[in-house]
1. Against the condition touching a residue at least 24 places away in the same chain (Cβ under 8 Å), under 27 Å from A:K183 (Cα atoms), open to solvent by less than 40 Å² (accessible area, probe 1.4 Å) and within 42 Å of the chain's Cα centre (by Cα), how does A:I266 come out, does it pass?
2. So, of the residues in region A:304-325 that are open to solvent by 20 Å² or more (accessible area, probe 1.4 Å) and touching a Pro at 6+ places or on another chain (Cβ under 9 Å), which turns out to be farthest from RNA strand B (Cβ to nearest atom)?
3. What are the residues in region A:188-221 that are within 9 Å of RNA strand B (Cβ to nearest atom) and open to solvent by 50 Å² or more (accessible area, probe 1.4 Å), if any?
4. Would you confirm whether or not region A:137-146 contains a residue that is buried (at least 19 other Cβ atoms within 10 Å of the Cβ), closer than 16 Å to A:A502 by Cα, within 25 Å of the chain's Cα centre (by Cα) and aromatic (F, W, Y)?
5. Would you check which residues across region A:202-217 are more than 17 Å from A:G525 (Cα to Cα) and of a type in the set (D, E, K, R) and list them?
6. Which condition does A:C232 not pass, out of (1) within 16 Å of RNA strand B (Cβ to nearest atom); (2) surrounded by 16 or more Cβ atoms within 10 Å (Cβ to Cβ), if it passes all the others?
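The values are calculated or read from the model by the stated rules, or taken from the named source; none is laboratory data. Just so it is clear, the structure is predicted and the values come from calculations on it, not from any experiment. Neighbour counts are summed over all protein chains in view; Cβ atoms, including those assigned to glycine, are modelled from backbone coordinates with ideal geometry. Note: accessible area is taken over every heavy atom of the protein model, side chains too, but ligands, DNA and RNA are not part of it. Shrake-Rupley method; radii C 1.70, N 1.55, O 1.52, S 1.80 Å.
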Amino acid sequence: MNMKEVERKWQARWEKAGFNRFEEKSDKPKKYVLEMFSYPSGAKLHIGHWYNYGPADSYARFKRMQGYNVFQPIGFDAFGLPAENYAIKTGVHPKDSTEKNIETMEGQLRAMGAMFDWSAEVKTCVPEYYKWTQWMFLQLYKKGLAYRKEAPVNWCPSCSTVLANEQVIDGACERCGTTVVRKNLTQWFFKITEYAEELLSGLEELDWPEKTKLMQKNWIGRSTGCEIEFDCDSGDKIKVFTTRCDTVFGVSYVVLAPEHPLARKIATEECRAAVEAYIEQASKANEIDRLSTAREKTGVFTGAYCTNPVNGKKVPVWLADYVLYSYGTGAVMAVPAHDERDFAFATKYGLPIVKVIENVEGETELPYTQDGIMVGSVDFDGLSGEEARDEVANHIAKIGKGGKKVNYRLRDWLVSRQRYWGAPIPIIYCPVCGTVPVPEKDLPVELPYDVEFRPDGKSPLAKHEKFMHTVCPVCGGEATRDPDTLDTFVCSSWYYLRYADAQNDRAPFDRNKVDRLLPVDTYVGGAEHACMHLLYARFLTKALRDMGYLDFDEPFKRLVHQGVILGPDGNRMSKSHGNIVSPDEYVEEYGSDAFRLYLMFGFSYTEGGPWSDDGIKAIARFLDRIEKTVLKIKNYPSSEGSYGAEEKALDYARHYAIGRVTRDLEGFSFNTAVARLMELLNAICKYDALPEKNCAFLKSVVKDFLLLLAPCAPHFAEELWDQTGGKGFIFEQPYPVEDPAKLVLDETEYAVQVNSKIVCKAMIPSGASGEEIEALVRALPEVIQRAEGKTVRKCIVVPKRLVNLIVG
RNA sequence: GCCGCUGUGGCGGAAUUGGCAGACGCGCGGGACUUAGAAUCCCGUGGGAGACCGUGCAGGUUCAAAUCCUGUCGGCGGCACCA
């Protein structure tokens, strides 16, 4: 079969028939199958794209044959750093390179023959799309979910530019290797923390990989504890957060993060100089130092004291950068006896270490950080664990010094980027009116083309006079625009909604269309997005719901991660490893169906693994055998024949395959689905080799075989369907359904064990009772030989599997 | 350091969730066809002459363990001073 020609032919026919489109008017149940859209960084599709889109498309086609109205859109996540970095290096404008890449990739995606609904295509870098990304920003701003504050960012002193977190590798700039420093800049944030609790609890109901749910759970990092107020002699109050309030009687000092507002305020005259110096030094600490947990702790005494509310003891207040300002209250009560960090710090600075928890079993070696019995804690002595913390927290609440509190590790989402190739932040700064959102009617705030994007420490847009200079929408006076662009993750956090109504120019989407299509039923993409894209998208969905734009809670009901195809050497494919394998030559030589089928067969889908093309010839051979067999049988007369044992066996093989393939495709277990197809083909060939055969029956099996195969090798199956006289498209046929009656055999082979050792096999009639089976087995010569003269103690029968006779 | 996943023939990988380990395929060996090769087709293929031994290793539970439990070692991923 000339696959190239066949592919082109069917792609054109499907396209002409509008076959790939979601049917607007249809009462079939909908199925929204979505693969993560691609980032057009290179010009060509790589194996990862193929591995994501090929098998997932087979799933979508399978669902279509099962009678669903399938919606499978595609698009491009087109803003982002690589295009801009490429521009800095080569001078090619990001818009030009991105558009060119998209065009090439579109062609390749079409050639792949996936069932994409191109009428819903989305590109995030066009004004028709980012207009609505900006609109999203404005809605969040109105709702109080977008706010501006000063925050430390990653700064590369060599490139003199801000870096995204993803660009910081082990504390250094990914491009030049220079150590990144922290710099305070005023930035826009989305208040994702407001949804921390729901983002956590919502995980439970999701059909997602447990691993991914756990990663999100850890990322959100809920911890329950107690907030406690320590009164300073100066009259200031220091709030601390602790998960171990049962250790509060062991507090020997309190620590503030260097950035804490009280740090300067409470410092005494004598200590002021040292405190200032320490704050200064901490602010300059670079990322590598901060990342190192092994480094020795540093700190400085403020000279101030505060009072432990539970025992009235005065304790010194220190500053130390092992306390993070961004978590909890930015202050900590230090209990060196029961915390490793406090222990190390107290040991270094000669602070007291007071044991207040006793190990129930054995010696209490300090620092002892496990749960134990409270000692030296007056009324609370003898309490332990959860109960102890409960009592202490209640006591603290009673005396008005705090109480139970839940904290999250999740931070608000920093969305400002000092970069060019992104959606401009739709905000105007007016000297009179302050921060003013761009009115919705003025959207989009267009990204200008003629911009100097070589980095020099300022946002590229800041140097563009025409862009920056504007008038205040409120007072009409002179004003300036925000020079930053939005993190590209903002663009990708709502694209799955836009697909539902991609052409809409009056709104991001029509409520009815979104309600009809969403949520996404099955979402397929890489696991690397677990704590970014997948979390942001959930957040935005919930925020839009609360603003009344949607009425569902979660965007992606089911999530599947494909594995990673590594280079043949077992490393991640990369230019530096020189191990990149391109799909192109394989597609050229074997055709897109064979390549897809090989990706499905050669790997466990969710695991991936090192690339090897050992099996691709086998797939080509498999397809050849199918073609030969199908075309040969096609020419047989259609006469009915008898239905005997051989027919029954083939019928069993057919319905076994139907059941298994159906379940395997449902579960993204593509390799076993293909294996079952191979088995069925083997059964067909075996039957075909018989001298006497029922041709009409054989033809009906071959027909089912083609239908089963169709989602996995779409062009190939369509062609054979056509050549064997099938009506319409094969994809308009219903997927075969297993007939359980055909799976009932007259007798089944059992493994026969004596004392758990296999001694032989035996055919046992299907209806036999437990006693009958035992009697049958005991009459077998292999059994008699081993059981002679012994008493049978027990007989275990596992239906359709084995019989185990325990004798002794 | 903490959390999670994972370890099965020469290779990719199966195993109905505690029930015949190694499905399906690659590779390899043998044969058929052919002047010959390629292609194709058929047979065999975990190890061991054998009793038996085999799912990283050592124990345990069970009539029965790749699967459950305890310990331990290797590989991968995430988090990393989160109080």
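1. No: the conditions fail for A:I266.
2. Out of the qualifying residues, it is A:Y305.
3. Of everything in region A:188-221, those that are within 9 Å of RNA strand B (Cβ to nearest atom) and open to solvent by 50 Å² or more (accessible area, probe 1.4 Å) turn out to be A:E210, A:K211, A:L214, A:M215, A:K217, A:N218, A:W219.
4. Looking for residues that are buried (at least 19 other Cβ atoms within 10 Å of the Cβ), closer than 16 Å to A:A502 by Cα, within 25 Å of the chain's Cα centre (by Cα) and aromatic (F, W, Y), one finds none in region A:137-146, hence no.
5. Result: A:E204, A:E205, A:K217.
6. All conditions pass for A:C232, except number (1).
This table checks each residue for (1) buried (at least 19 other Cβ atoms within 10 Å of the Cβ); (2) out of contact with any helix residue (DSSP H, G or I) (no Cβ under 9 Å at 6 or more places or on another chain); (3) closer than 27 Å to A:E7 by Cβ; (4) among the β-branched types (V, I, T).
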residue: A:G644; (1), (2), (3), (4): no, yes, no, no
residue: A:R654; (1), (2), (3), (4): yes, no, no, no
residue: A:R663; (1), (2), (3), (4): no, no, no, no
residue: A:A675; (1), (2), (3), (4): no, no, yes, no
residue: A:L698; (1), (2), (3), (4): yes, no, no, no
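Rundown of residues vs (1) within 16 Å of RNA strand B (Cβ to nearest atom); (2) within 30 Å of A:R786 (Cβ to Cβ), yes/no style:
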| site | (1), (2) |
| --- | --- |
| A:P714 | no, no |
| A:D722 | no, no |
| A:F729 | no, no |
| A:E732 | no, no |
| A:V737 | no, no |
| A:P740 | yes, no |
| A:V752 | yes, yes |
| A:N755 | yes, yes |
